[in-house]
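K.L.:
Questions regarding the structure given below will be posed in turn.
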Amino acid sequence: MEKDDEETRQKDNKNLPDKSSRSPTKRSSLFSARNYLKYLGPGVITGAADDDPSGIATYSQAGAKFGLGMLWMVIYLYPMMAVIQEICAKIGLMTGDGLAAVIKRKYSNKVVLPLASLLLIANTINIGADIGAMGASVGLVIPQLPFFVPTLLFTALILAAEIFVSYKKYVKMLKYLTFSLFAYIITAVIVGGNPNDLFVSTIIPHIEFTPEFVMMFVAVFGTTISPYLFFWQTSEEAEEEVKEKKIPEINEGTPLVTKKEIKIMKADVAVGMFFSQLIMWAIMVTAAGGLHTHGITDIQSSEQAAKALEPVVKSFPYSGQISKLIFAFGIIGTGMLAVPVLAGSSAYALSDTFGWKQGLFKKFKKARAFYLVIAVSTVIGLWINFSNIDPIKALVYAAVINAVIAVPILFTIMKIANDKNILGERVNGRVTNTIGWITVIIMGTAVVIMFVTFYYQGI
């Protein structure tokens, strides 16, 4: 089997440019101090997309309801999400394939099709919740504007950008909007309270065996370690290999990967996940100090969520409106970044499953089925918003659904990451394996406990 794989590998690489003759790529120049931030790629984008409206809503709810009680999850979740995303990145980098294609190769369509279908369902619900939150955030600033107007507008803008604008340019435009999330860091400093309390709450776990706590625990897990990020990271790493002409297309050929490129990928993922967790910590602290301490323990609307940011602008005239504006920019910026990632990960997964041409760097006419999945899932997500579901609660429910479907996908990823026929000598080491399997066990156990708790509580 290994001999056949090596022959295939050599055959696939025959028509590729000679590695020694290529000029240094962007990725190989990453460790230049001047270019470091400029060239950080899929890991940083994935980290930013992780703090989507669903993440903002879930972390805000956790802080409002339990104060600093869930702050410890930030530090304990970091190694888990960093390791899982690093594994996914490694799979894409080493194979040049999307995650679903690798699952299909190892198992069969009987395994990959249900997983891709579950991902599509979860992502579509998440898209709907994100679009709804974006529309609701506009309503904070312009209350006279009917809800359907901004939701339709954002949907149209996202679809047009995904289909007609280069993804590289699209991300470049949006990254500045995500800087509004730093308002949470500033607010966290203002309302954080006793540094000793913050330190203790960040380090020492606090657990409550109540339905509300268990559900929120699962939701935080689900919005932090999310299935769509697994598929996205893998495919984007493969797209990087296409961009650098190491392989002609995703799922066509095996790239030659150096130790330096592996090192760069790890740095990219580590930085992206650190940024994501820093924002998570700041949102929880902000909600705890700005809402929980003032008796708001259940966020029922975007207006209440935005109120958590008031301390950062309390000395300004019209501080309430300014805090709403900051909140709206954060939701809109992260939403417009996250929705393409959600829809894109579904499109990658289904394209891998059915062998369609794929890639956000391709024109529409070159990957029609790929873009059709993006369009249909986004439009269905929009349609979900015209039900009676509260946008904030929908975001939290989306996080719970993500956690549930993450378990079987994580199990499959860990099996792939230990298969030498797929990754050769780059299979998981002892530390990576330990953290990875602990993640699977904790998420699986949390989901089971949640369902058992709900059953006995009659929920």
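Here, each number is a calculation from the coordinates, and none is a lab measurement. Everything numeric in this text was worked out from a predicted model, so none of it was measured. With ideal geometry, Cβ positions are generated from the backbone for all residues, glycine too; neighbour counts draw on all protein chains shown.
K.L.:
Taking a ≥ b ≥ c as the square roots of the eigenvalues of the Cα gyration tensor of region 135-273, is the shape rounded (a/c under 1.5), prolate (a/b larger than b/c) or oblate?
P.N.:
oblate
K.L.:
Would you mind ranking Ser345, Ser351 so that the residue whose beta carbon has the fewest other beta carbons within 10 Å leads the list?
P.N.:
Values: Ser345 32, Ser351 24.
Least crowded to most crowded, the residues run Ser351, Ser345.
K.L.:
Right, another one. Place a label point 7 angstrom from the Cα of Lys365 along the Cα-to-Cβ direction, then list the residues of region 217-249 whose backbone nitrogen is under 13 Å away.
P.N.:
So the set is empty, nothing qualifies.
K.L.:
Further question: Counting other Cβ atoms within 10 Å of each Cβ, which chymotrypsin sites (Phe, Trp or Tyr not before Pro) in region 315-410 have at most 13 and sit in a DSSP loop?
P.N.:
Passing sites in region 315-410 are Tyr318, Phe386.
K.L.:
Once you place label points 7 Å from the Cα toward the Cβ at Ala270 and Leu145, how far apart are they in nm?
P.N.:
4.2 nm
K.L.:
Separate question: What is the calculated FRET efficiency for Phe411 to Ile207, with r their C-beta to C-beta distance and R₀ = 22 Å, to the nearest 0.05?
P.N.:
Efficiency at R0 = 22 Å is approximately 0.35.
K.L.:
At a 10 Å Cβ-Cβ cut-off, how would you order Ser201, Ser346, fewest neighbours first? Walk me through the numbers before you get to the answer.
P.N.:
On the way: Ser201 22, Ser346 29.
Lowest count first: Ser201, Ser346.
K.L.:
Now for a different question. For the pairs Lys104/Lys420; Lys246/Lys266; Lys110/Lys246; Lys259/Lys362; Lys324/Lys393; Lys110/Lys366, flag any whose C-alpha to C-alpha distance is greater than 21 Å.
P.N.:
Lys110/Lys246; Lys259/Lys362; Lys110/Lys366
K.L.:
Given points 7 Å out from each Cα along the Cα-Cβ axis, report the Phe386 to Phe179 separation in nanometres with one decimal.
P.N.:
Here the modelled spin labels are 3.8 nm apart.
K.L.:
Related question: For labels at Lys169 and Gln321 in the simple 7 Å Cα→Cβ model, what's the distance in nm?
P.N.:
That separation, rounded to one decimal, is 3.5 nm.
K.L.:
Related question: Once the cut-off is 18 Å, how many percent of the Cα-Cα pairs in region 331-459 end up in the long-distance tail?
P.N.:
Within region 331-459, distances greater than 18 Å cover 70 percent of Cα pairs.
K.L.:
Please give the residues of region 95-113, grouped as numeric ranges, whose backbone N is less than 17 Å from a label point set 7 Å along the Cα-to-Cβ vector of Leu372.
P.N.:
none
K.L.:
Something else now. For region 38-457, taking Cα atoms only, what is the radius of gyration to one decimal and the Dmax to the nearest whole Å?
P.N.:
When restricted to the Cα atoms of region 38-457, Rg and Dmax are 20.4, 64 Å.
K.L.:
A further question on this structure: Taking the beta-carbon count within 10 Å as an exposure proxy, list Val341, Val447, Val373 from fewest neighbours to most.
P.N.:
Ranked by crowding around the Cβ, least crowded first: Val447, Val373, Val341.
K.L.:
Now, a different point. With a cut-off of at most 15 other beta carbons within 10 Å, and DSSP calling the residue loop, which trypsin sites (Lys or Arg not before Pro) in region 175-255 qualify? Please list them.
P.N.:
Lys175, Lys245
K.L.:
Now, a different point. How compact and how long is region 395-459, expressed as Rg and Dmax of its alpha-carbon atoms in Å?
P.N.:
15.1, 50
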